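The structure appears right after this line, and notes come after that.
The values are calculated or read from the model by the stated rules, or taken from the named source; none is laboratory data. On a predicted model such as this, the values are computed, not experimentally measured, just so you know. Here Cβ is always computed from backbone atoms with ideal geometry, including for glycine, and neighbour counts include all displayed protein chains.
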Amino acid sequence: MQPFRKHQGTVAPLYRADIDTDQIIPKQFLKRIEKTGFGEFLFNDWRRSVAGASEPSFVLNQPAFAGTSILVAGRNFGCGSSREHAVWALADFGFRAVVAPSFADIFATNCAKNGLLTVAVSEAEASQIARKASEIPGYQLTIDLETLTVEDDLGFSSRFTIDEFTRHCLLEGLDDIALTLEHEADIAAYEAKHPVPAAWQV
Amino acid sequence: MAVVIDKLMRHMPRTLFEKIWDDHVITSGAGRLPLLYVDLHLVHEVTSPQAFDGLRAAGRRVRQPLRTIATVDHNVPTDPRPAPIRDPIAKRQIEALEANCREFGVRLFDMESSAQGIVHVIGPELGLTQPGMTIVCGDSHTSTHGAFGALAFGIGTSEVEQVLATQCLPQRKPRTMLIRVNGELGPGVSAKDLALGVIGQIGTAGAAGFVIEYAGAAVRALSMESRMTLCNMSIEAGARAAMIAADETTFAYMKGRRFSPGAEEWEQMVARWRELAADPGAIYDRSMEIHASELAPFVTWGTNPGMVVPVGSRIPDLPPSAADRRTAERMLEYMGLEAGTPIEQIRVDRVFIGSCTNSRLEDLRAAARVAKGYRVASGVRAMVVPGSQQVKHAAEKEGLDRIFRDAGFEWREPGCSMCLGMNPDILLPGERCASTSNRNFEGRQGRGGRTHLVSPMMAAAAAIAGHFTDIRDWRFQ
């Protein structure tokens, strides 16, 4: 996993509540069996007409936001389906972090497994960041996972929280499976006491 | 010190969730998340191929193949079988699952299997879903299995790989929420309406970070199918999981199923399961009460499941705050509706009866009772997609397929179908659908499609009337 320590980038505003994973990556693109190549289809139904033409009003189609790497969104971002394809699409498109008042549980976990940072800020802060990103060309945020701060060059600064284990894994780019296997003896001991149900062993 | 506190905690009254959690935590070292053992891992074709690839790349095996069960559901066609899968990418995904299951020794109920079906329908009906278990699946509606007093939740593909490799998951301990439903549901008011009522009340993120435990007389009175519907939809309120303590209804449903405990250990298991119910005085982080008698058949009008009103009412007026107003306007524009429109005046083009929410035998019986002796309104296309081969077979045995076909409904093969439209069953742009599924997100059932979530009875009635209608006024034939 790609580590996340500190990142500075241009902010794209998509300040709506309840943006679900069906919007982030519509289901017609879930049939691929690889993890790569989903960025092209990020927010497809908002980015393109049915005929495939680019929708100029959509934020990610505007030249001002080319190269953006931080998305600011409304509350409950990533709700709905557990599809990790949504995270693969955001990361593949170039996003390193999403800033929002709150995130859906499964989505936030999926992000952490892929080095995409979810930064929970207050509703007022998210609204303020979204407004600045809309109004100020090239508006940037700096997100520091070591100091747990998010700030801009215009005097905005805020702290965010993240559980210590997730932070550690993100900072070091650690593989959860390898970490879990460090507990092999504990797992094996548990399994010895909890055998597979008899009716399943046929 | 930590050990002493832990021991003290174990003598405090515990909730159903806490008992299962405590039973499954393997380690909870400092600086690490608690490591939770997984009893049952359900796998399907869409969220697993990258996980199996990960195993291969790292030279890992499936740690517990007997605790891993796979089926194909999300993108299988619902045409009569055997039918070729015409979509080459879907075909590739299904073939990838078959190859992965062969390579890693995982039991697969494939398209030809008499046990194939939607993963959340077949787990319970095969007796795999059992009280006290931890159950995961790369699908958000895994909460369904909580109806049996199990701790069941959806995971992403990285976690699928982790469970395949280690049978464990590092998990942050969720908080607990008790929802007590008092009284009894009125005629025509189903578990789906209860679920929609809860989401309407607490909102789409109202239970985020929580495991819901449902209790109260109205919940105890529900069949297993209805309990599954209720737990299934809890993810739409943001819940990590939802659960209902096992009782006689649960045991009666489970007894004698293929993977249920056999006769020789049945009584012992039942005794153990009974002990899982929350202790008197157990404390929840949050509690709320709902009065079942205040619920009505509901219809969603917007593009998230919290936008719900009773069938007898109108689409709400625009909210006063500017931000909420913009959201509502956007939803209404997408849905092609106007504030103030009576729900019963909304006409439908399509009707979908199916999905992991409402495709079990009880759901099909309820819809068939409404459809019996009627014809689907002209211009409406209605389809019934049973949740599994077993459901389909049982429904045909009692003639439900005849009732549906005679009424002009399509009777199809099992799968997720038009709940998410990964297979060829989709809405066309602008089409309006009364659907028994779980999500009315933009484009969920097909790009530009407009979804209204309802119960099976309400969906069947809409198919026949051609518009939403209050099932409580229905003339059954």
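A single member of B:S234, B:S260 is surrounded by 17 or more Cβ atoms within 10 Å (Cβ to Cβ), modelled with pLDDT of 95 or more, touching a strand residue (DSSP E or B) at 6+ places or on another chain (Cβ under 8 Å) and small (G, A, S), and it is B:S234. The residue that is nearest to the other protein chains (Cβ to nearest Cβ), counting only those in the stretch B:167-187 that are basic (K, R) and not in a strand (DSSP E or B), is B:R172. Restricting the search to helices (runs of 4 or more DSSP H) fully inside the stretch B:195-307 and requiring at least 3 residues that are farther than 24 Å from B:G183 by Cβ and in contact (Cβ under 8 Å) with a residue 12 or more places away in the chain gives B:263-274. Could you check how many residues of the stretch B:445-466 are polar (S, T, N, Q) and either surrounded by fewer than 24 Cβ atoms within 10 Å (Cβ to Cβ) or within 14 Å of chain A (Cβ to nearest Cβ) (or both)? Going through the stretch B:445-466 one residue at a time, the tally reaches 2.
Between A:V11, A:V87, the distinction of being part of a helix (DSSP H, G or I), touching a Leu at 6+ places or on another chain (Cβ under 7 Å) and either within 25 Å of A:T147 (Cβ to Cβ) or among the charged types (D, E, K, R) (or both) belongs to A:V87 only. Inclusion of B:E431 among residues that are within 14 Å of chain A (Cβ to nearest Cβ), in contact (Cβ under 8 Å) with a residue 40 or more places away in the chain and surrounded by fewer than 24 Cβ atoms within 10 Å (Cβ to Cβ) is warranted. If the condition is being more than 10 Å from every other protein chain (Cβ to nearest Cβ) and free of Cβ contacts under 8 Å to residues at least 60 places away in the same chain, then the stretch B:86-111 contributes B:E98, B:A99, B:C101, B:R102, B:E103, B:G105, B:L108, B:F109, B:D110, B:M111.
For the stretch B:56-85, the set of residues classified as over 26 Å from the mean Cα position of the chain (by Cα), closer than 28 Å to B:A152 by Cβ and more than 9 Å from chain A (Cβ to nearest Cβ) consists of B:R56, B:R61, B:V62, listed by residue number.
In the stretch A:27-64, the qualifying residues are those that are closer than 20 Å to B:T47 by Cβ and touching a Lys or Arg at 6+ places or on another chain (Cβ under 7 Å), and the one that is farthest from the other protein chains (Cβ to nearest Cβ) is A:L30. Filter the stretch B:28-39 down to the residues that are touching a residue at least 24 places away in the same chain (Cβ under 8 Å) and more than 9 Å from every other protein chain (Cβ to nearest Cβ), then identify the one that is surrounded by the most Cβ atoms within 10 Å (Cβ to Cβ). Among those residues, the one meeting the criterion is B:V38.
Count of the stretch B:328-368 residues, restricted to those that are of a type in the set (K, R) and closer than 30 Å to B:T142 by Cβ, is 3.
Here B:P424 fulfils each of the conditions (1) under 19 Å from B:Q93 (Cβ atoms); (2) surrounded by 24 or more Cβ atoms within 10 Å (Cβ to Cβ) apart from (2). Can A:G9 be described as over 24 Å from B:P305 (Cα atoms), more than 9 Å from every other protein chain (Cβ to nearest Cβ) and surrounded by fewer than 17 Cβ atoms within 10 Å (Cβ to Cβ)? Against the criterion (over 24 Å from B:P305 (Cα atoms), more than 9 Å from every other protein chain (Cβ to nearest Cβ) and surrounded by fewer than 17 Cβ atoms within 10 Å (Cβ to Cβ)), A:G9 does not qualify. For the stretch B:113-123, the criterion of being in a strand (DSSP E or B), farther than 30 Å from A:L179 by Cβ and in contact with a helix residue (DSSP H, G or I) (Cβ under 8 Å, 6 or more places away or on another chain) is met by at least one residue. If only residues of the stretch A:83-103 that are touching a residue at least 60 places away in the same chain (Cβ under 8 Å) and within 17 Å of B:A205 (Cβ to Cβ) are counted, the one that is nearest to the other protein chains (Cβ to nearest Cβ) is A:A86. Screening B:A382 on (1) more than 14 Å from every other protein chain (Cβ to nearest Cβ); (2) in contact with a strand residue (DSSP E or B) (Cβ under 9 Å, 6 or more places away or on another chain); (3) in a helix (DSSP H, G or I) shows it passes everything except condition (3). Number of residues in the stretch A:132-175 that are touching a residue at least 24 places away in the same chain (Cβ under 8 Å) and touching a Pro at 6+ places or on another chain (Cβ under 8 Å) equals 6.
Inside the stretch B:41-85, residues that are assigned to a helix (DSSP H, G or I) and either of a type outside the set (G, A, S) or buried (at least 21 other Cβ atoms within 10 Å of the Cβ) (or both) make up a count of 10. Considering the stretch A:69-82, and only residues there that are crowded, with 24+ Cβ neighbours inside 10 Å and not in a strand (DSSP E or B), the residue that is farthest from the other protein chains (Cβ to nearest Cβ) turns out to be A:G78. Of everything listed in (1) surrounded by fewer than 22 Cβ atoms within 10 Å (Cβ to Cβ); (2) more than 10 Å from chain B (Cβ to nearest Cβ), the single unmet condition for A:A17 is (2).
Residues checked against (1) modelled with pLDDT of 95 or more; (2) within 30 Å of B:L128 (Cα to Cα); (3) aromatic (F, W, Y):
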residue: B:Y284; (1), (2), (3): yes, yes, yes
residue: B:F298; (1), (2), (3): yes, no, yes
residue: B:P310; (1), (2), (3): yes, no, no
residue: B:T341; (1), (2), (3): yes, no, no
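Just checking, does the stretch A:163-174 include any residue being touching a strand residue (DSSP E or B) at 6+ places or on another chain (Cβ under 8 Å) and over 23 Å from B:R67 (Cβ atoms)? Checked against the condition, which is being touching a strand residue (DSSP E or B) at 6+ places or on another chain (Cβ under 8 Å) and over 23 Å from B:R67 (Cβ atoms), the stretch A:163-174 yields at least one hit. Can you find even one residue in the stretch A:179-201 that is among the charged types (D, E, K, R) and under 20 Å from the mean Cα position of the chain (by Cα)? No: the stretch A:179-201 contains no residue that is among the charged types (D, E, K, R) and under 20 Å from the mean Cα position of the chain (by Cα).
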